[in-house]
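What follows is one structure encoded as structure tokens, with my remarks underneath.
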């Protein structure tokens, strides 16, 4: 996205704000990559603010990546990812802890 949007953007996929792009409002998506500017609230599984990207606002994410040269002003709330919560609830399988390598199957 390389234009300007004011309002709410909701996607079940990836949203990318290009260097010339700007969103002001609410952004909710699985994966968000920001090279341009954003102001408002973000809710995502993964947020990447790349070099030159600017975020002003509050973010709630499972994964947050801020590259050198990126700017983030606001509050962040990191929620437990699905993978982490599954690992905590899974029971060890037979052979676990005995030096055997687990095989995906």
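Readers should treat all values here as calculations from the given coordinates under stated rules, not as data from a laboratory. Note that this is a predicted model, so its numbers are computed, not measured. Cβ atoms come from the backbone with ideal geometry, glycine included; neighbour counts cover every protein chain shown.
Worth a mention:
- Top-ranked residue in the range 53-81 [being touching a strand residue (DSSP E or B) at 6+ places or on another chain (Cβ under 9 Å) and assigned to a loop (DSSP other than H, G, I, E, B); ranked as surrounded by the fewest Cβ atoms within 10 Å (Cβ to Cβ)]: 80
- Looking only at residues in the range 1-18 that are out of contact with any strand residue (DSSP E or B) (no Cβ under 7 Å at 6 or more places or on another chain) and surrounded by 12 or more Cβ atoms within 10 Å (Cβ to Cβ), the one that is nearest to residue 52 (Cα to Cα) is 18.
- Any hit, the range 21-30, residues being over 16 Å from residue 71 (Cα atoms), without any contact (Cβ under 8 Å) to a residue 60 or more places away in the chain, loosely packed, with under 14 Cβ neighbours inside 10 Å and under 14 Å from the mean Cα position of the chain (by Cα): yes
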